[in-house]
Amino acid sequence: MDFSNKEVLQVNGKIRYICFKELSEYKDLVHAYTVDNNYSFRTDMFNSSNSLSSLEYQKSSDNYKILCQDLGIDYKNIVKVNQEHTANIVVIKDKKNKDSWSVNNEDYRNVDGLITNQKNVVLTTVSADCIILFMFDPVKKVIANIHSGWRGTLEEIGIKALKIMHKEFDCNFKDIKILFNPSILGDCFEVLYDVKEKFYGKFKYLDNIEKIIKTKNGKWIIDTVLLNKTLFLNIGVKESNLICSNICTKCNKSYMHSYRGSMGQGGLNTALIMLM
């Protein structure tokens, strides 16, 4: 299966991944999103004392090392948050460890987004249906890696990231490129009534809310990608800077990890982005 399309290019290293054509134009940037269900990645892999068995821990660690080799980057420079479906974001401005950028999990618990302007910092998140957003300001040279599941989207974590980029690094919203990695898309994201009500209650003011929240065959559907795009446009992001991979994880569950596609029994894809 080749996931290449007008927005992304598939790369077949030891681990299969995609990269965005838009970002590949910048030689000072490395990024990837894995589309290979032979390899799974954990949020908590850097802490061997957690609930992971030693075998699971080693396998996840090895997978990151393989991917970093494919990308030509140093595994020791990975910074990983624990992702608990929050709207919390950490800004990385300097090293906490003189030998590497890698940090202890405790520093990044209850966090779902990372932002930096530092070189050789590998911002890392994972997902299995949730939206992962890459943000890049080519003028100020600032990157972000944001995990925006339905709870994060409801809390507008993407908007929060943009505001932090503006406050901390004087980024202009019109310069920032936002890229949507593979996630559950369109009619595949069915929700229960209570979730639908949370979204409708908060976003009913949007002119296109009827396109974002709709029913199909008696079930509620929420287009979280369209919702995020709408919020970004409303804050001043240029439409041409909103780029979607147009790859649905659930529809492609045979090739990449999908939580809903596997009924909660699958693994996790990972997303990496780094300034050089």
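The values are calculated or read from the model by the stated rules, or taken from the named source; none is laboratory data. Since we're looking at a predicted model, the values are computed, not measured. In case anyone asks, the SASA skips ligands and DNA or RNA and just uses the protein heavy atoms, side chains included. Shrake-Rupley method; radii C 1.70, N 1.55, O 1.52, S 1.80 Å.
Taking every alpha-carbon pair under 8 Å whose residues sit at least 6 apart, the range 181-264 reaches a relative contact order of 38 percent.
In sequence order, the range 65-77 has phi-based couplings of 5, 4, 5, 5, 5, 4, 8, x, 10, 8, 4, 5, 8 Hz under the Karplus curve 6.51 cos²θ - 1.76 cosθ + 1.60, θ = phi - 60°, and Gly or Pro positions carry x.
Which of Asp207, Asp62, Asp74 moves most in a GNM of the chain, Cα contacts under 10 Å? Highest fluctuation among the options: Asp207.
Taking θ as phi - 60° and the Karplus parameters 6.51, -1.76 and 1.60, the scalar couplings of the range 154-167 work out to 4, 8, 6, 4, x, 5, 4, 4, 4, 5, 5, 4, 5, 5 Hz in sequence order, x denoting glycine and proline. Between Val11, Val111, Val139, the Gaussian network model of the chain with springs among Cα atoms under 10 angstrom shows the greatest mean-square fluctuation at Val139. Among Lys167, Lys141, Lys174, Lys238, the order of accessible area from largest down is Lys167, Lys174, Lys238, Lys141, computed with a 1.4 Å probe on protein heavy atoms. Which of the residue pairs Lys80/Lys141; Lys27/Lys93; Lys59/Lys141 have a Cα-Cα distance greater than 26 Å in the structure shown? Long pairs (Cα-Cα over 26 Å): Lys59/Lys141. A cut-off of 5 Å between modelled amide H atoms, ignoring neighbours fewer than 5 places along the same chain, links Trp220 with Val191. Accessible-area rank, largest first, for Ser262, Ser240: Ser240, Ser262, with all protein chains present and a 1.4 angstrom probe. Pairs Lys204/Lys229; Lys160/Lys204; Lys140/Lys167; Lys177/Lys238; Lys198/Lys238; Lys21/Lys177: which are spaced more than 18 Å apart, C-alpha to C-alpha? The answer is Lys160/Lys204; Lys198/Lys238. For the chain, modelled as a GNM with alpha-carbon contacts under 10 angstrom, which of Leu71, Leu55, Leu29 fluctuates the most? Of the options given, Leu55 has the highest mean-square fluctuation.
Each residue of the range 9-14 was assigned a 3J(HN,Hα) from its phi angle through the Karplus expression (A = 6.51, B = -1.76, C = 1.60, θ = phi - 60°), giving 10, 7, 10, 10, x, 4 Hz with x at Gly and Pro.
Note: relative contact order over the chain, using C-alpha pairs below 8 Å and six or more positions apart, is 23 percent. Under 5 Å between amide hydrogens, built in the peptide plane, is the criterion, and for Val122 it picks out Ile78, Val79 among residues at least 5 positions away or on other chains.
For the residue pairs Lys163/Lys196; Lys14/Lys119; Lys65/Lys174, the C-alpha atoms sit more than 31 angstrom apart in Lys65/Lys174. Given their separation in residues at 0.36 nm each and the Cα-Cα distance between them, Tyr193 and Lys167 gain 5.7 nm when the chain is fully extended.
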